[in-house]
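Reviewing the structure listed below.
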Amino acid sequence: MSHGVPCVGFAIKERDKPGRVKADVAMPVIKRNSQALKDNGVRNPLKLMGHLKQLQPGESMRFPDDTVLYAEDVIEPERPGRKVVILGDTCDASAISNLAMNCDLLIHEATNAYLHGIDDGSPTDHRVDTMKHGHSTPIIAGNFARHVKAKRLALNHFSSRYKGDDSEKAIVLMERIEAQAVKASQLDKENVIAAWDRVQFSVPQNETPN
């Protein structure tokens, strides 16, 4: 790590979700076999959708008209579980890049931000001083989010000079901090947030199969 400051971070990963049955493949087969299935004792043919979902790779289900549905043809691939990556104090999170790659939510500290009209010196001097103390700026956090292809970014661990209250001035400062991270991360602004104590927000399920 830069400046001898370790990157403290970890990932919380959900189990992958089972693939869903392809209704456009299964339903026509079930419907055209509906009466024959009932004649064979299947009281509710639509419940076979649940049985199809339980098929393992290589397994299949044969219908009265001799149509065979194979697991590989009727079940979508698994959908990846959500991944949340949480970093502690850091000025360089590169050591955790592989673990953080494609995370659904990255929580990254942004202790100091250079805000024109408020801070003295230059953005470069401000960045160097921040890193010297083992911390990050919103731009550093945004760059790392872009590097690991994070879907959402939550900034935290702000300097005490940012009040973080409900005053208009504090809200404007947080919006300026968010804007820096949005630009660096290239995420949509609704996917970047300057977090506050006890904030809650949802992380949507992944709908794209592996």
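Taken together, the values in this text are just the output of simple stated rules run on the coordinates, not laboratory data. Keep in mind it's a predicted model, so treat the numbers as computed, not measured. All Cβ positions, even for glycine, are placed from backbone atoms using ideal geometry, and neighbour counts span all protein chains on display.
Details
- Taking the helices alone, the chain has a mean residue ellipticity at 222 nm of -9000 deg cm²/dmol, built from -39,500 (n - 2.57) per DSSP H run of at least 4 residues and averaged over all its residues.
- Exposure proxy ranking, count of Cβ atoms within 10 Å, fewest first, for I12, I86: I12, I86
- Convex hull per residue volume in Å³, alpha carbons only, for the range 157-210: 120 Å³
- Here is the P(r) of the chain: all C-alpha pair distances, binned every 10 Å from 0, give 8, 27, 22, 13, 12, 11, 6, 2, 0 in whole percents.
- In the range 23-74, the alpha-carbon atoms span a convex hull of 68 Å³ per residue.
- The rule of thumb for compact globular proteins, 2.2 N^0.38 Å, goes into the C-alpha radius of gyration of the range 80-179 1.10 times.
- Nearest-ten-degree value, helix 138-147 long axis tilted from longest Cα axis of the chain: 30 degrees
- Rounded Å value of the spacing that divides the Cα centres of the range 53-77 and the range 121-172: 51 Å
- Greater than 30 Å apart at Cα, pairs in K17/K189; K17/K163; K13/K169; K53/K189: K17/K163; K13/K169; K53/K189
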